[in-house]
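The values are calculated or read from the model by the stated rules, or taken from the named source; none is laboratory data. As the structure is a prediction and not an experimental result, all values here were calculated from the model. We place every Cβ from the backbone using ideal geometry, glycine too, and count neighbours over all the protein chains shown. The accessibility values were calculated without ligands, DNA or RNA, using every heavy atom of the protein model including side chains. Shrake-Rupley method; radii C 1.70, N 1.55, O 1.52, S 1.80 Å.
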Amino acid sequence: MATTSNYLEEHYDNDEEDDDEFDGDDDDDEPSPPLSAGSEEDRLEAVLRRLTADEVRIRVHDVAIRGCARTRRAAAEAAVGSDLSRAATVPELLRAAAAAGERLRRLGAFESVSITLDAAPPGVPADGRGGVVVVLVDVTEARGAAAGGLGIFANTETRSCSVDGSLRFKNLFGYCETWDASGTLGLDQTMELSVGAAIPRIGAIPTPLMARVSFLSEDWLKSSIKEHLMGVSVGLLSTMNHNLAYNLSWRTITDPARMSSSSIREQLEHSLLSSMKYTYKIDQRDSRIRPTRGYAFLSSSQVGGLAPDSKTARFVRQEFDLRVSMPLGVWNGALNAGVAAGVIHPLARGSTGSISPLPERFYLGGNKSLVCRLGGPSSLLGFKSRGLGTTGSQTCAPKNSENGSSISPELDAVGGDIALTAFADLSFDLPLKPLRELGIHGHAFVSAGNHAKLTERDIRKFPLTEFLKTFRSSAGFGVVVPTRLFRIEMNYCHILKQFDHDKAKTGIQFNFSSP
């Protein structure tokens, strides 16, 4: 925040006049020497320190927002808030201006934000509450309203590739809103489409409005299961740390080859997901691509079964994720450590007892970055997607058309009701200067995790000792290439511990992760 010289000089001159009353007439005989530019700046700085330290009282006459051409004034006024006009002292005004500037920048519609304090125009009467000031909020709107991207990515697990595209419009109608659409088309018959909108808090609306419509069709990796999902998600509450959303989705799980295990066949049907999800998230790390200090925490609670339909998935799901980053002071090194846990408790009963919805269970494995993602237990490098833990044997196998022999049946991943993962990642600069200038650095990591099914309704009877003994783990090292949009990792993964039916492999692995 900047304070103009007009307001400061006015108060400074008033102070000088008060001092003259006590000095008498001696000063009239000796004219004071002219002040240099340096002494003028020192005087203004001294007055500003006095105003902030002595709780000088003021009254804000007006808050003027300038520079809004495409942006509607109501959107900017909602971001500025009413704290500026209610400030009664200079420190209160400074704090309110800093908060208002940060809210305006978070809208993403302005390239620059400047808040200036000036003296009130002539003719504005003063009162006993202090000096009268005007707050000027100057904004510069961002030029580009549209952005898009298109990329082709290879998946080493499925030995296929996919085409990903995205398109985003910002401040299209002047409300600082965001409209986005994204899609993924894979050669393995995977298709995902998503369209969403986010409108910030405006006028009497107490919270930002968010809505998203999505469609998903995919084949589970090396499984006979196919999943189709169509749904809509609506944000009910959204602040810097809190988010409350309602989700309504229609999901279909099929097995065209009729090869799924008995534990899977029980859930081969249409289901309705009507759920409410609350998320608390705080991220104080200095970077999401390469954090070197700070911490992050996420807690999400989801309740499913908010519709009277008999096919509604009924469950309670809880996740925690904690990350800590510590600088080492050598080679720009940093230690990142994290632990994530999750549990799902079914509220419906099947033929074999309480069962949790298959898609809502926890699945560990995959090539997601250990550092970037903050969203519960999932990543375990070296293990394939859905490649860890409990499986179910397929009941029949197809015949080989060439020799008539049966092919070995695959195993369906059935996931777990409780999951726990942990990791440690050591990042450091590489010795080559051109690589350091590009942000390319090395890292070494170790990760471990496990998930299991809750067979008892009482979680206190869960076999914790056996669960910890069957932890899987991996370690490795690699090179990280950070970009503005995502983080690329080229890692060598070594499997330290695995069990039968785990899908893991020691070797080279490529990861693409967005922050």
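Near Arg66: Cβ cut-off under 15 Å, other residues only, Lys/Arg at +1 and Asp/Glu at -1. The net charge is -3.
Mind checking which lysines have their Cα closer than 25 Å to the Cα of Lys497? Skip sequence neighbours fewer than 8 apart in that chain. Cα-Cα hits under 25 Å: Lys222, Lys368, Lys384, Lys453, Lys469, Lys505. Heavy-atom accessible area, probed at 1.4 angstrom with all protein chains present, ranks Lys226, Lys497 as Lys497, Lys226, highest first.
At R0 = 41 Å, how high is the FRET efficiency between His345 and Ser217 if r is their beta carbon distance? Nearest 0.05 is fine. Efficiency computed from Cβ-Cβ geometry: 0.90. When Tyr246, Tyr295 are compared by accessible surface with a 1.4 Å probe, the order from highest to lowest is Tyr295, Tyr246.
The simple spin-label model puts a point 7 Å past each Cα toward its Cβ; for Ala146 and Ile440 those points are separated by 3.5 nm.
Model label points for Thr254 and Leu430, set 7 angstrom from Cα along the Cα-to-Cβ axis, are 4.7 nm apart. In percent, what relative contact order does segment 278-327 have, based on Cα pairs under 8 Å that are 6 or more apart in sequence? Worked out over segment 278-327, it gives 37 percent.
The heavy atoms of Tyr280 offer some 70 square angstrom of accessible surface to a 1.4 angstrom probe. Among the protein heavy atoms, those of Met191 account for about 70 Å² of accessible surface (1.4 Å probe, every chain in place).
Need the full-extension length gain, Ile488 to His270, defined as separation in residues times 0.36 nm minus the C-alpha distance. One decimal, nm.
Working: separation 218, 0.36 × 218 = 78.48 nm, distance 3.74 nm.
So the extension gain works out to 74.7 nm.
Peptide packing for 76-87, 374-385, 418-429 was compared via the average number of neighbouring C-beta atoms within 10 Å per residue; ordered from the highest value, the list is 374-385, 418-429, 76-87.
A simple spin-label model places pseudo-atoms 7 Å from Cα toward Cβ; at Arg460 and Ala98 they are separated by 4.9 nm.
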